[in-house]
Amino acid sequence: MHAPSSSHQLANVAATLDVITRKCFQWGSYLTLVIVGLMLINVILRYGFEMGWIALQESVTYLHACVFLLGLAYTLQVDGHVRVDVFYRRFSDNTQSLVNLFGSLFLLLPVCVFLLYYSVPYAIESWKLLETSKEPGGLPLVFVLKSVIPLGIVLLTLQGISEGIKSYQLWCQSRAGQ
């Protein structure tokens, strides 16, 4: 039995990263149902009973942020990010793969590293303080929310690596077919 080729190993890495992204997005998407429920409760309490809770409003905001941060990587995976398509769509598959590879390596990943460089200490400092809401009656979990920022960026970084691998493999395949 022979060892799998490096191309096969790269494909396995990309597939594993894609699964991680999909699972995290799936968990994040369930939060949208929680948001709808909390908003419904908030509206009923506010307009039906003239009651309101800061913690309930903050919960919706926090969960909304989590949905977006957990959805960043999945949006990249399904090619849902905004792209200037004027030239790209006219490119050959080979050139598109090369553009995607260089975009991942020289744009996306450096931005992710930059964001991690600043967001990790930001979250750590919040944990040291066990930061809470500044609003009376607000949630005592600001430090947890700030931890989701680097988590979302790590997921985006991993998906960027996966997209880079897939672009590289497509580029190699298109070159082999020439």
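LYS128: which lysines have alpha carbons under 23 Å from its alpha carbon, excluding same-chain residues fewer than 8 sequence positions away?
Filter leaves LYS146.
ALA176 to THR132: extension gain in nm, 0.36 nm per residue of separation minus the Cα-Cα distance?
10.2 nm
For GLN26 and GLU50, calculate 0.36 nm times their separation in residues minus their Cα-Cα distance, and state this gained length in nm to one decimal.
Stretched fully, the GLN26-GLU50 segment lengthens by 5.1 nm.
Among all stretches of the chain without exposed trypsin sites (Lys or Arg not before Pro) (DSSP loop, at most 12 other Cβ atoms within 10 Å), which one is longest?
1-82
Rank these for me by crowding, ASP93, ASP85, going from fewest to most other beta carbons within 10 Å.
Fewest-to-most ranking of ASP93, ASP85: ASP85, ASP93.
How many percent of Cα pairs in the range 45-178 exceed 27 Å?
Taking all Cα-Cα pairs of the range 45-178, the fraction more than 27 Å apart is 40 percent.
Which one, LEU31, SER174, VAL111, projects farthest toward the positive side of the charge dipole computed for the chain from Cβ point charges (K/R +1, D/E -1)?
Selected residue: SER174.
With each pseudo-label sitting 7 Å past Cα toward Cβ, what's the LEU38-THR95 distance in nm, one decimal?
According to this spin-label approximation, the distance is 4.7 nm.
Based on the Kirkwood radius over alpha-carbon pairs, what is the Stokes-Einstein translational diffusion coefficient of the range 109-151 at 20 °C with 1.002 mPa s viscosity, in µm²/s?
In µm²/s, the coefficient rounds to 198.
Using the basic label-point model (7 angstrom from Cα toward the beta carbon), what is the HIS81 to VAL120 distance in nanometres?
The two pseudo-label positions are separated by 2.0 nm.
How large is the charge dipole for the chain, taken about the Cα centre, if only the Cβ atoms of Lys, Arg (+1) and Asp, Glu (-1) carry charge, to the nearest 20 debye?
With Lys and Arg at +1 and Asp and Glu at -1, about 320 debye.
Rounded to the nearest 0.05, what FRET efficiency is calculated for ASN12 and LEU107 with R0 set to 30 Å and r the Cβ-Cβ distance?
Between ASN12 and LEU107 the formula returns 0.75.
Can you give me the span-like helices of the chain, meaning DSSP H runs with 18 Å or more of Cα extent along the axis and Kyte-Doolittle mean at or above 0.0?
6-43, 54-77, 109-129, 142-176
No lab work stands behind these numbers, since they all come straight from the coordinates. None of these values were measured; they are calculated from a predicted model. Ideal geometry is used to build each Cβ from the backbone, glycine not excepted, and the neighbour counts take in all protein chains shown.
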